[in-house]
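Any read-out appearing in this document is the output of simple, stated calculations on the displayed coordinates, not a laboratory observation. Treat the numbers as computed from the prediction; the structure is a model and nothing was measured. We place every Cβ from the backbone using ideal geometry, glycine too, and count neighbours over all the protein chains shown.
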Amino acid sequence: MADKKNNKNNKKPANEIKDDLKSASKEEQAGFHKGALSTLAKERQELARILQIVEQLMQLHLSALKELGVDLEKEAQEAMQPQQIKKPGKPIEDML
């Protein structure tokens, strides 16, 4: 248990990692960057998968609203209309 805490506390700040990379050989640097790119590519794939799921869910909700007779175009136009701001009858100084 104590080992896990020590591992968390042993993380190096970004500037120290950058210094370590400068002192590393070109092969080590290339390996580091290749690993980073590989990880980021996998993250991008996962993000695309999540976006696809969200899009499918949105389409399901849109079709359900259409079946219920909700006019989405009308609601979208109403949302785009500038809303009137209610002005108080008294100056703000009097309200404080």
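Efficiency by 1/(1 + (r/R0)^6): what FRET value for GLU73 and THR39, r their Cβ-Cβ distance, R0 = 41 Å, to the nearest 0.05?
0.45
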Dipole check, the stretch 13-81, charges on Cβ (K,R +1; D,E -1), about Cα centroid: among ILE50, LEU72, ALA30 the Cα furthest to the positive pole belongs to ALA30
